[in-house]
1. Restricting attention to the range 122-130, does a residue exist that is modelled with pLDDT of 95 or more and over 21 Å from Asn17 (Cα atoms)?
2. Among the listed residues Ile347, Ile334, Ile277, which satisfies the condition of being over 15 Å from Ile227 (Cβ atoms), under 24 Å from the mean Cα position of the chain (by Cα) and surrounded by 22 or more Cβ atoms within 10 Å (Cβ to Cβ)?
3. Within the range 341-353, can one find any residue that is farther than 21 Å from Lys49 by Cβ and at pLDDT below 85?
4. Read through the list (1) in a helix (DSSP H, G or I); (2) in contact with a Phe, Trp or Tyr (Cβ under 9 Å, 6 or more places away or on another chain); (3) not acidic (Asp, Glu), then give the number of the only condition that Gly230 fails.
5. Please go through (1) touching a helix residue (DSSP H, G or I) at 6+ places or on another chain (Cβ under 9 Å); (2) over 21 Å from Asn221 (Cα atoms) for Leu300 and return the number of the only condition it doesn't satisfy.
6. Picking from Ser229, Ser293, Ser240, which residue would you name as being crowded, with 16+ Cβ neighbours inside 10 Å, farther than 19 Å from Leu138 by Cβ and small (Gly, Ala, Ser)?
7. Of all the residues that make up the range 13-38, how many are of a type in the set (Val, Ile, Thr) and either surrounded by fewer than 17 Cβ atoms within 10 Å (Cβ to Cβ) or at pLDDT 95 or above (or both)?
8. Counting only residues that are farther than 24 Å from Phe322 by Cβ, touching an Asp or Glu at 6+ places or on another chain (Cβ under 8 Å) and touching a residue at least 12 places away in the same chain (Cβ under 8 Å), give me the strands (runs of 3 or more DSSP E) lying completely in the range 10-66 with at least 1 of them.
Amino acid sequence: MAKVIIKTYPNKQVRINHLSLYNFKNHSELKIDFNADITCITGKNGVGKTNVLDAIYLLSTCKSYYNAIDYQLIKHGETLCAVNADFTNGQQYDLQMQIESGKKKKLKKNDKFYEKLIDHIGLINSVIITPGDIELVLGHSEDRRRFIDICISQCDRVYLNCLSEYNKVLEQRNKQLKIFAQHRHFDEILLDSFNSKLIPAGKYIYEQRVAVLVKINQFFNTFYQAITSGNETVALRYESDLSEKEFEHLLRESTDKDLALERTSKGVHKDDLVFEIDGYPLKKFGSEGQSKSFIIALKLAQYKYLTDVLNTPPILLLDDLFEKIDEQRAQQLIDLISTEKFGQIIITDTHAERVRKHFENALKSINFVDL
């Protein structure tokens, strides 16, 4: 097995200690204590194991991993849900997320509401690995951009602010392009005013994506080898129009095209990650097993990056892992993450005995919760 070096940070770890759910998805009321390094949540399909992980992820990123629309998180037939938890990250934090139909969600930290949810990002970091992550390979470029954006945003507040500003100005610019088309009138000075706001934000986003992907690539292939014991070489490649020309030149050259399309055709909102195996596109030439292992290695590389930058390991959330990869790869992954070098781990599975078998040689404390 390939050796992966993860630093140990015994004095500071992000940990969830307790979670309470009220009308969250299929849970009318649920309380769980996380009093071990590894918590295994078991139960039959449909009991809401994945929803527990999503609740933790929600408190980490202020967004559900599975539902783009907030009101979908509320239990059917109800009008409000709440997710409460206490975390440790150098100090104690009591968090409460409230979601009510027809209203913006609210997050309270230690009995005080955030004015802007964006101010919370980075306090409680997590990395989630799910069966649906295969869409990073099979899905659209938007999914892959979201992956790298979430990774960087958890440890770079400037990036998060630039991303928010970029998306806001991009929406405004696109609306203005539609207005130009409707009125058959083009105002170059007005369009340049949008460009002047879009360019600095876009440049910073591009530069940070390049820098972070260089770091992730340094240990991504090593993780893949550790999981698979295979001979394939895997790699990430970042594609962006900004690699060829300065952003201001791209916007100016594409003005006529943008006016015709009524949208902005160049910029970091069009960037993509290319996944390769032995120099070929993974989507076309990789097997299902290789694709799943690729994504797990990618998420562990994200975990390693955040651990190094933040000087503390995030919470690792593993959903339904053993149903989706073979026994050997599952055991190699468990052997890797169950050492003292990884932080708190929360894992779901349908069979408690299967999990016990995989973790029987773990060097960490383990607790089992049956739903």
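1. No, because not a single residue in the range 122-130 is modelled with pLDDT of 95 or more and over 21 Å from Asn17 (Cα atoms).
2. Values: Ile334 fails: over 15 Å from Ile227 (Cβ atoms); Ile277 fails: over 15 Å from Ile227 (Cβ atoms).
Exactly one of Ile347, Ile334, Ile277 is over 15 Å from Ile227 (Cβ atoms), under 24 Å from the mean Cα position of the chain (by Cα) and surrounded by 22 or more Cβ atoms within 10 Å (Cβ to Cβ), namely Ile347.
3. Going residue by residue through the range 341-353, those that are farther than 21 Å from Lys49 by Cβ are 341.
Still in the running and at pLDDT below 85: 341.
Yes, some residue in the range 341-353 is farther than 21 Å from Lys49 by Cβ and at pLDDT below 85.
4. Every condition holds for Gly230 apart from (1).
5. (2)
6. Numbers: Ser229 fails: crowded, with 16+ Cβ neighbours inside 10 Å; Ser293 fails: farther than 19 Å from Leu138 by Cβ.
Answer to the check: Ser240.
7. Start the filter on the range 13-38 by keeping residues that are of a type in the set (Val, Ile, Thr), which leaves 14, 16, 32, 38.
If we keep only those that are either surrounded by fewer than 17 Cβ atoms within 10 Å (Cβ to Cβ) or at pLDDT 95 or above (or both) as well, we get 16, 32.
The number of residues fulfilling the criteria is 2.
8. Details: elements: 15-24, 27-33, 38-42.
Result: 15-24.
The values are calculated or read from the model by the stated rules, or taken from the named source; none is laboratory data. Everything numeric in this text was worked out from a predicted model, so none of it was measured. All Cβ positions, glycine included, derive from the backbone under ideal geometry; neighbour counts span all protein chains shown.
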